[in-house]
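So the structure is just underneath, and the comments pick up after that.
The values are calculated or read from the model by the stated rules, or taken from the named source; none is laboratory data. Not measured: the values here are computed from a predicted model. Here the Cβ positions follow ideal geometry from the backbone for every residue, glycine too, while neighbour counts run over all protein chains shown. Heavy atoms of the whole protein, side chains included, go into the accessibility calculation; ligands, DNA and RNA do not. Shrake-Rupley method; radii C 1.70, N 1.55, O 1.52, S 1.80 Å.
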Amino acid sequence: METLKSFQKDNIIIEEGKRDTSAYIILSGSVKITKKIKDKDVEIATLSDGQVFGEMGLIEDRPRSATVRALTD
């Protein structure tokens, strides 16, 4: 199913530990991916235009392994 979504800066798009089956393609803007390690948020990657994230939620029936937050509107 194709749905266009917009997020504001600092919105959490995917939250580590929660179940979700959405995948995203960034049309414009950027996101930061973080993972909790010893109670600290550690940056894993920054993604921008044309990149995909969240695809593992379509493949695996497990909680999300990282948090994805919008860096831009």
Handout entry: Cβ-Cβ under 8 Å pairs, at least 6 apart or on other chains, segment 1-16 side in contact (Cβ under 8 Å) with a residue 60 or more places away in the chain, far side hydroxyl-bearing (Ser, Thr, Tyr) and in a loop (DSSP other than H, G, I, E, B)
Key = 9/72
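Taking the stated definitions as given, is residue 66 surrounded by 14 or more Cβ atoms within 10 Å (Cβ to Cβ) and touching a residue at least 60 places away in the same chain (Cβ under 8 Å)?
no
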Problem - Subset of segment 22-60 (residues that are closer than 20 Å to residue 4 by Cα, more than 12 Å from the chain's Cα centre (by Cα) and open to solvent by 80 Å² or more (accessible area, probe 1.4 Å)) - result: 27, 28, 49, 58
